[in-house]
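**Q** My questions all concern the structure below.
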Amino acid sequence: TQSVDILKDQIIFTEGDDGDCAYIIEKGRVLIFVTKDKEEIPLNILGEGEIFGEMALIDTHARSASVRALEDVRLAIVTKQQVLERVSTADKVVQLLMRVLLKRLRRKNILVTGGKPLPEDAEFYDLEGGEEGTQSALDQIKLENQIFQAFQNREFELFYQPIVNLKTKQITGCEALLRWNSPLHGLVSPNLFIDVIENSSMVIPIGHWIINQALKDLRTIQDQLRLNKKDRMADEFMMSINISGRQFTHSDFISNLEDLREKHDVQTHNIKLEMTERIMMDGAIALDVLNQCRTQGYAISIDDFGTGFSGLQYLTQMPISFLKIDRSFVMKIMSDPKSKAVVSSIIHLAHAMDIEVIAEGIEQNEECLVLETLGARYGQGYLFSKPVDMGRFLKLI
Ligand code: C2E
Ligand code: CMP
Ligand code: CA
Ligand code: CA
């Protein structure tokens, strides 16, 4: 049944009942009330278009009030599943805020009845998702603030890891990697905080700062190379910048990028935008922005290739110039023939499509040799250098 008819004065449900569905009023009005010493205390009158009975579904406690039809009413039914499906997929913090509001409303309804003692047992107030959920949602907010504060305190820094030509071992470029230089915790790896940044709107100002810093340093690197008569290396040097999905699909991404590029007087062909396969899956917007980047002359590189979405169709549509083979394959290339087969296939696939390959996470000479034999042209990893600060990077080149 999708809707039910209830006659005037009929009770729809009673306070304390278990809740199995909520109702949207299609016609008529209902009275929400609680009972104290057999006396009804009205809380509210609801009419057409309004919903009731949702609380017990959301927090899985008993009905917080009773409901009676004030006239003949028609109600559309909202199932428990329809509500829970949405609640359970909502943002953690939104879930927390909902729990807090429900708890307050239930407490208020109980207070209205005056005489009735408030249940002191912790269980009642630990609504579904309990302490743990509350804590992690609040931690999330605190962590976001802490990270943004650190950013404003200029505790962020970019490190650079060389990308080398596997044959000549010459440095052909570098990847900019974010570091948090925390006075409290020391140098913090981005694995611990990059998700928090990427899942919040602070990715826009922080992403802007990253691009600005990387392009400024690109300029310095090229100037030094030219000073040292390494003009060709300067002309071909590529600065790779990691770009997150939210940042990339932001409407001002390209115009901001262009502004920063002009500010530091660097060329698009020296700039490589690294993004994961996930961005490619964003469909139409991604393709449009990628094409604009490509038209301007920026290089596009797919990061962590082979670890994410398994579809390959996007490779035929997106203007991609580089693929980065993920470290998880490189790590096993000596010990696991299957990983080696995957790497070999990726390299063949890439070359057939006129895409260059960069192998990531090379730690041993043997890995380097195998990758070179398989046809990978570029590599990056601790074997050549760990990510270093700008001062040390300038000494490397
Ligand atoms: P990623 O883009 O895949 O970066 C490569 C990571 O592998 C870096 O970790 C690098 O230090 C590490 N690595 C490189 N060579 C080796 C090796 O030989 N052995 C081992 N064990 N590790 C190696 P890092 O710097 O900790 O960055 C982690 C991730 O954080 C990055 O993974 C990237 O997804 C993200 N990230 C870093 N900087 C930025 C940034 O500026 N913007 C965005 N959006 N994400 C960033
Ligand atoms: P639920 O607790 O499932 O059952 C009783 C319903 O009455 C409740 O969901 C809300 O939809 C509604 N309700 C409870 N308290 C109030 C209130 N103070 N004002 C308006 N509606 C309420
Ligand atoms: Ca990367
Ligand atoms: Ca990677």
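Values in this text are rule-based calculations from the coordinates and carry no lab data. All values reported here derive from a predicted model rather than from experimental measurement. Glycine gets a Cβ as well: all are built from the backbone with ideal geometry, and neighbour counts include every protein chain shown.
**Q** Sort the following peptides by mean Cβ neighbour count (other Cβ atoms within 10 Å, averaged over residues), highest first: 274-283, 337-346.
**A** 274-283, 337-346
**Q** Can you give me the Cα centroid spacing of the range 251-290 and the range 17-34 in angstrom?
**A** 52
**Q** Quick one: which residues, 5 or more positions from ILE271 or on another chain, have an amide H under 5 Å from its amide H? H modelled 1.01 Å from N in the peptide plane, none for Pro or chain starts.
**A** MET239, ALA299
**Q** Going by Cα centres, the range 333-366 and the range 367-391 are how many Å apart?
**A** Taking the Cα centre of each part, the range 333-366 and the range 367-391 sit 12 Å apart.
**Q** Remind me, relative contact order of the chain in percent, using alpha carbon pairs under 8 angstrom and six or more residues apart?
**A** Relative contact order comes out at 12 percent.
**Q** Moving to a separate point now. Given H placed 1.01 Å from N in the peptide plane, which residues other than close sequence neighbours of VAL388 have an amide H under 5 Å from its amide H?
**A** Long-range HN contacts for VAL388: TYR160, GLN161.
**Q** Next question, about the same structure. Testing the spin-label approximation: label points 7 Å from Cα along Cα→Cβ at SER328 and SER255. State their distance in nm.
**A** In this crude label model, SER328 to SER255 measures out at 3.9 nm.
**Q** For LEU323, enumerate residues with amide H under 5 Å from its amide H, sequence gap 5+ or separate chain, H modeled in the peptide plane.
**A** ILE302, GLU356, VAL357, ILE358
**Q** Suppose R0 equals 51 Å. What FRET efficiency, 1/(1 + (r/R0)^6) with r the Cβ-Cβ distance, do GLU155 and ASP9 give to the nearest 0.05?
**A** Efficiency computed from Cβ-Cβ geometry: 0.15.
**Q** I would also like to ask the following. Taking the Cα centre of each part, how many Å lie between the range 209-231 and the range 43-72?
**A** Using only Cα atoms, the two centres lie 65 Å from each other.
**Q** Additional query: Roughly how large, in nm² to one decimal, is the mean projection of the convex hull of the alpha-carbon atoms in the range 1-73?
**A** 4.7
**Q** What three numbers, in Å, describe the spread of the alpha carbons of the range 270-339 along their principal axes, ordered from the longest?
**A** Principal axes ranked by extent give 42, 27, 15 Å for the Cα atoms.
**Q** Within the chain, what percent of beta bridges assigned by DSSP are antiparallel, to the nearest 5?
**A** Around 65 percent antiparallel, to the nearest 5.
**Q** Same structure again: For the peptides 316-324, 357-365, what is the packing order when you average, over each peptide's residues, the other Cβ atoms within 10 Å and list the highest mean first?
**A** 357-365, 316-324
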